[in-house]
Amino acid sequence: MKNIAFSINGKNISTLPGTSILEAAIKNGFRIPTLCSHADLAPYGACRICLVEDENTGRLMASCVTPVAPDMKINTDSPRVTANRKNIVRLMIAEHPESCIVCNKGNRCELRMIAAQLGVAETRLYRMPNYKPFETMNPFITRDLSKCILCGKCIRADHELVGVGAIDYSDRGFASRPVTLHEKPLEQSRCTFCGTCVSMCPTGALSTQNTIFTGTPEMEKTTICGFCGAGCSLSMGVSGNRVVEVNPSPDTGTVNGATLCVRGHFAHDFLLSPDRLIHPMIRRTDEQGMEALQPAGFDDALSSAAGHLADIKRRYGPESIGFIGSAKCTNEENYLFQKIARVIFGTNNITSLGSTGSQALLRKAAERTMGDCRVSPLSDLENAEAIVTVLTDPDHTVPVAGYHIKRAVKKGAQLVVIDPHRSDLAAFGGFWLHPENSGSSKAFAFNAVNAITAHLIADDAMDHDFVKSRIEDPLGWMDAMADTDPEALAGKAQVSPQKIKTAALLLQNKKIAFVIAADLLETRHGKETLDAAINLALITGSIGTKNAGIFIPSIENNTAGALDMGCAPDLLPGGRSIADPQDRQAVEDMWGAKIPETEGKDIHGLIEAAEVGTLKALYIMGENPLRALPDPERVRTALKNLDFIVVQDIIKNQTAELAHVVLPAGAFAEKQGSFTNMEGRIQSFTAVVPPPGEALPDWTILAMLARKTGYPEQYTTIEKIRQEIRRVVPMYGALGSHRQVWIKPADSRNSGKIPLAPIDDLKVDDTDEKYPLSAHIMNRRWHLGSGTRTSRSARISASGNIGEVEMAPGDAKAMGLTDGNGNKPMIRIFSPFGGIERSVAVNRAVPEGSVFIPQGFSGNDAMHLVDFNALKPPGSGWRIVPVRIEKI
Amino acid sequence: MDPTQFDREKLDEIIKNYQDKKWGLIPLLQDVQEVFGFIPPESIEPIADALQMYPSQVQGVITFYSGFSLKPKGRCVLKVCRGTACHVKGSRSILRMIKKDLKLEEGETSPDYQFTLETVACLGACFLAPTMMVNRDYFGKLNPTKVTSVLGEYRKESKEA
């Protein structure tokens, strides 16, 4: 294409056809004021502030929507342009309420800034305030539409970036405004409270509901969100050493761009929770002989911890101590933590609670693809030509990944949603595969994926080159698969063969991006389903190519990092195996210390050992096992059986109450470090605010502990730890060099061919007549995981989301749980292991025969329904439990 | 048809012709309005689903055009012309008379859903001023007697119906 030559303010410019005047001007350093334009949104031309003049024709045009044309002579601020801009701003101000002094947008209001730059003060126009309703009922977003200038950014962000469609314009002319369907309040609409519109709004029409602060924060600092695995870049507004506001960071090239989710945007108020731990505590016996946690100095607390742990090691051996690290802590902290466990205390008993879920899945997928799924940028997902989602609803787990999928669909990607539940994605224009008969098929996803695979093989629609060059011995597997009848598999999945055929046609000859539920391995037949999906990825050549691959929307922010740092009983840093003497030797050489040869205990093993008394002490960093693990009573009894517990955490939680020493730590916004997100992006960040009270960053506490035990290495700076990580973990060679770097896994093409997993018929469990319903303990966007942090968010608590059990309309009717008035009756839910009470709501998206129990609500009581032994490897899938329901 | 009762089956029949055709939104809305006399708010979500649009977008289109109404209208919709020519010829008195006769303000519908009173800026029949339309029929050169007889005629029809 030939470039177009024209000029802006006398400067000759040549640019590609189709470029807008605004883009060309910005690229060449000219400033044009805008209100409705945003780099991530399609040009719209609503505000007309960006007017420029073509001196050849004398035409005034909105530069954001006018493409450059040959020989244009653009003037960006001729007297005519300025006069017209001023008039537009005067008109906007004449319609705007004069409430700047109390407006939350404060000095960041773009309308005010532009008015100031243009010298518009008093408009001397007849004031015509456009009074519209003021909405503050929800605890997240305040809407004052009288301040709305109709730039449409909120609507376009909703439609183009987030894909929810909660709002659109209503009416015409003076009456027009952004409204929800039927003009209901936001909390009764489809709005997910991601807050993207709030950050985009140029005026104070949309603002964060804030009870502790209004106006302009003293400063804004960027950091990385500490909730889910997306790892969004945040810009935190700080005032008086408190985080008072959160917006997406204005940096380019971030994971999230201009979007966030309800947790990222609004739930950070947990940082100010009165439950924060602010000083170290030691369990002491007071004068009355009562044992209680009493405040102590850091030095005393660390001496007590180091002394007791050393004593227990001396008396009962290193295997009597266990360490629980956290996928919520940084890479540096997990590295230090596992090193302390292995080198100072001589045990491989180190794990994290995420190890049975997201982390196990990441490990398994990486093993099967020889590491080829480790780097999976979400931008690739957005540009994919075909996407298959397996049993995942990223709108609730990792919303930003969900936005990427929706944007891919808008760009024309084929989406096949494999999920019994009609998630938002299924409704969004995805081709939805689900069991068609009432009562869900128990191995539905496994059989559905295999049926598609069989279909593609039968149609000879696979990537022969990839199969030949990268797959180990494909012939035997192919023959077996060719003998399989896709229709029979479709029958087992309870999907009509026609639908499988359509899905296969949509995926034919395409490179597929698989989005696999992070909790897949926590469900029955999860491993087999993963194997089936990876088989399909392999035969279509979707591994190791651009815009395809395996994407795992992990629930916790540093799932990948904790794994890579060796926070696992059988893995050393860098994925080296304890069982492999060469691997062990390599790390021993680098550390100059012995590493125990036997693999440590996983989380199930640690709790069992505590029960039988072989485990004497636990050091828990940033985890709350009493809330997060199944069968909390059993876990409590086990922990009470221990001689000594150290809890290093940010929040006074149930587990801390059992501890002998409590060490207060800083949350992610209060420390320096790095997280590795679901994409394999290592993101470094620095502290936004200091930790509260006497609390210290986790890595500082660990470094002090190491010194207390007499360990010679001094970890006084984060850089010191990073130096060691860069040496010990080759994948992290670039850690800390830039704010954002990528992990570098070894090239899988050098490590040999990849085998296909055999497909065996699955034996499905019979339904227990006493427990006819199948309950899925699942994530809802309001809480992350077990909800230790999100339940401390004042806004989340005030939102009125109490985690009702969700039931299909038919089941609810059959049990007499619907009275037609929208009341939510209370029920008791019993599994073979326990019972809880909840209210119940009808949700059409739930398949008949299933109930959804949201996780993280009411103290995460859903875990009472689960048998602790479900965690025992290989894991029977604790997330789905048979239940019966009784009306109260 | 009773406008307070929403007939989903009837709606589905109309939607069927436009399934997955995003361009068909306006003709589809016109069909719905034709059959129901207005666009029942309950129909927004099914329409959006079928056309793969957001319900809020469908609502946006409906509220943008004054030709679409989300409120039930009467069996007879009166559109009294308030254009310049009609104004000069006394349409204000005509409107005042109709308001009094039907006991309706502009934009209102009678509780029995027989009459809706609207005004328009021009009917494009200035040579017949003052004019009004009832449903699809024009009535020109109006005077008080003629208005009374037209209204009487429609009222009689509604009693028979």
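Each reported figure results from applying straightforward, stated rules to the coordinates on display, with no laboratory input. Predicted model, so just to flag it, every value in this text is computed and none were measured. Cβ: placed from backbone, ideal geometry, glycine included. Neighbour counts: every protein chain shown.
Quick notes on this one:
- Taking every residue in B:44-55 and counting other chain Cβ atoms within 10 Å of its Cβ, the average works out to 3.
- Inter-chain Cβ neighbour average for residues A:163-171, partner chain, 10 Å: 5
- Taking every alpha-carbon pair under 8 Å whose residues sit at least 6 apart, the stretch B:76-160 reaches a relative contact order of 37 percent.
- Think of the protein assembly as shown as a dipole: +1 on every Lys or Arg Cβ, -1 on every Asp or Glu Cβ, centred on the Cα centre; then among B:Gly60, A:Ala548, A:Pro185, B:Gly60 lies furthest on the positive end.
- Each peptide in A:584-594, A:332-342, A:217-227 receives the mean, over its residues, of other Cβ atoms within 10 Å, and ordering these scores from highest gives A:332-342, A:217-227, A:584-594.
- Percent RCO, i.e. relative contact order, over the stretch B:8-64, from Cα pairs under 8 Å lying at least 6 residues apart: 35 percent
- Computed over chain A, relative contact order equals 13 percent, with contacts defined as Cα pairs under 8 Å that lie 6+ residues apart.
- Inter-site label distance for A:Asp643 and A:Asp485 at 7 Å from Cα along Cβ, in nm: 6.5 nm
- Taking the C-alpha atoms only, the angle from helix A:79-95 to the longest principal axis of chain A is near 60 degrees.
- By average C-beta atoms within 10 angstrom, highest first, the peptides A:201-210, B:24-33: A:201-210, B:24-33
- For the protein assembly as shown, the residue among A:Leu475, A:Leu35, A:Thr717 whose Cα projects farthest onto the positive side of the dipole built from Cβ charges is A:Leu35.
- Inter-label distance for B:Lys99 and A:Thr252, nm, one decimal - labels placed 7 Å from Cα along Cα-to-Cβ: 5.9 nm
- Residues A:Cys191, A:Cys261 arranged by fewest to most Cβ contacts within 10 Å: A:Cys191, A:Cys261
- Neighbour-count order for B:Met133, A:Met863, fewest beta carbons within 10 angstrom listed first: B:Met133, A:Met863
- Residues within the reach of a label modelled at A:Asp71 (point 7 angstrom out along Cα to beta-carbon, backbone nitrogen below 16 Å), restricted to the stretch A:1-33, are A:4-8, A:13.
- The stretch A:722-813: C-alpha gyration tensor shape, a/c 1.5 cut-off, then a/b vs b/c: oblate
- Overall shape: oblate for the stretch A:219-270, with the ratio a/c of the largest to smallest alpha carbon gyration tensor axis at 1.5 or above and b/c at least equal to a/b.
- Inter-chain neighbour count for A:173-183: the average number of beta-carbon atoms from partner chains within 10 Å of each residue's beta-carbon is 3.
- Extension gain (nm, one decimal) between A:Asn28 and A:Asp589, 0.36 nm per residue minus Cα-Cα: 196.5 nm
- Under 5 Å, built H, 5+ apart or other chain: amide partners of A:Ile13: A:Phe6, A:Ser7, A:Ile8
- Using R0 = 45 Å, the C-beta based FRET efficiency linking A:His464 and A:Lys763 works out to 0.85.
- Backbone HN-Hα couplings from phi across the stretch A:172-177 [Karplus 6.51/-1.76/1.60, Hz, Gly and Pro as x]: 10, x, 4, 7, 6, 6
- GNM result for chain B, Cα springs below 10 Å: residue of B:Phe38, B:Phe115, B:Phe127 fluctuating most strongly: B:Phe127
- Summing Cβ point charges (Lys, Arg +1; Asp, Glu -1) relative to the Cα centre of the protein assembly as shown gives a dipole of roughly 3780 debye.
- As a calculated quantity, the FRET efficiency between A:Gln188 and A:Ala292 at R0 = 41 Å, using C-beta atoms, amounts to about 0.30.
- When the P(r) of chain A is calculated, the portion above 35 Å amounts to 54% of the C-alpha pairs.
- Its alpha carbons give the stretch A:524-604 an Rg and a Dmax of 16.6, 46 Å.
- Springs between Cα atoms under 10 Å define the GNM used for chain B, and in it the highest mean-square fluctuation of B:Ala48, B:Ala129, B:Ala121 occurs at B:Ala121.
- With neighbour counts taken as other beta-carbon atoms within 10 Å, the residues A:Leu773, A:Leu705 rank, fewest first, as A:Leu773, A:Leu705.
- For A:Ile578, distant residues with modelled amide H under 5 Å away: A:Leu571, A:Leu572
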